[in-house]
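For reference, the structure is listed below as structure tokens.
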Amino acid sequence: MWDWISENSGLVQAGMAAVTALVWMVYLHIIVSGLRRQRRTEILIQLGGARNLSARILVSNLGFEPIYVLEIMLTVWTASGERMSSVADRTEIAQGQHATPREATLQGPLKSGDHVDIGSVLDLLDRARHRSFDALEPGDIREVEVTVAAITAADSRIAAAARRFAMKGEGDDMSLCPQNLYARQIRSRWRRRQIEAKLRERL
């Protein structure tokens, strides 16, 4: 065996070099994957409290890095079609009642592990009416979707997540039924470009 190794030392060295290179490639892949996971955003949109229209909607940052919330959009589907409006500004609170300027809007930084209460579904509908949803009543709505758009220091592109809820029941018995288990993370370039285009329209 030793004679064979001596006679084929070049082949053995080449094999050892290939194995070493393969091990380093595996290590590099693990390191890069870990860095990507750390930089990847994870935005949670959750109902708090009751499942009726007074339920609070909580937005949480589960990523490793802080995010800056750029916009919160509400999309509703009715018998007459789809409508979308910004609901980031807290128009239900009079200007004189703001203890700080930060209370006037939901735009702003959100640390890793933190959450913000963006209001109830009724609050979001009131803000939407203030902007563009004239004469829209909860009973007219079939589905609602909350979309959160944000940016991070690690990525110049928009980070976003959305969660859709179906409206069930009538009158005082109306309730929200989530259409998915958790918020859908919007990672495709095409969808993020769509959101960026909508944000530019609102400049």
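For the stretch 185-198, check the following and say yes or no: at least one residue is within 25 Å of Thr91 (Cα to Cα), among the small types (Gly, Ala, Ser) and in a strand (DSSP E or B). No, every residue in the stretch 185-198 fails to be within 25 Å of Thr91 (Cα to Cα), among the small types (Gly, Ala, Ser) and in a strand (DSSP E or B). When Leu125 is tested against the conditions (1) under 18 Å from Pro178 (Cβ atoms); (2) surrounded by fewer than 18 Cβ atoms within 10 Å (Cβ to Cβ); (3) not aromatic (Phe, Trp, Tyr), the lone failure is (2). All conditions but one from (1) at pLDDT below 80; (2) touching a Pro at 6+ places or on another chain (Cβ under 8 Å) apply to Arg164; the one that does not is (1).
Yes or no: Gly96 buried (at least 21 other Cβ atoms within 10 Å of the Cβ) and either under 14 Å from the mean Cα position of the chain (by Cα) or at pLDDT below 80 (or both)? Judged against the criteria, Gly96 is not a match. Selection of the stretch 66-93 for residues being in contact with a Lys or Arg (Cβ under 9 Å, 6 or more places away or on another chain), more than 27 Å from Cys177 (Cβ to Cβ) and at pLDDT 90 or above yields Pro66, Ile67. Scan the stretch 161-176 for residues that are assigned to a strand (DSSP E or B) and closer than 19 Å to Gly119 by Cβ and the total you get is 8.
Of Ser54, Ser112, Ser33, all but one fail to be polar (S, T, N, Q), at pLDDT below 90, assigned by TED's automatic domain parsing to the domain that holds Asp173 and not in a strand (DSSP E or B); the exception is Ser54.
Of the residues making up the stretch 115-160, those that are part of a loop (DSSP other than H, G, I, E, B) and among the aliphatic types (A, V, I, L, M) are Ala135, Leu136, Ala153, Ala154. Taking each residue of the stretch 138-154 that is without any contact (Cβ under 8 Å) to a residue 40 or more places away in the chain and looking for partners that are part of a loop (DSSP other than H, G, I, E, B) and surrounded by 16 or more Cβ atoms within 10 Å (Cβ to Cβ) with beta-carbon atoms closer than 9 Å, six or more apart or interchain, yields Gly139/Met174.
Go through the residues of the stretch 174-185 one by one and say whether even a single one is under 14 Å from Thr41 (Cα atoms) and among the small types (Gly, Ala, Ser). Checked against the condition, which is being under 14 Å from Thr41 (Cα atoms) and among the small types (Gly, Ala, Ser), the stretch 174-185 yields at least one hit.
The values are calculated or read from the model by the stated rules, or taken from the named source; none is laboratory data. These numbers come from a predicted model, not from an experiment. Here Cβ is always computed from backbone atoms with ideal geometry, including for glycine, and neighbour counts include all displayed protein chains.
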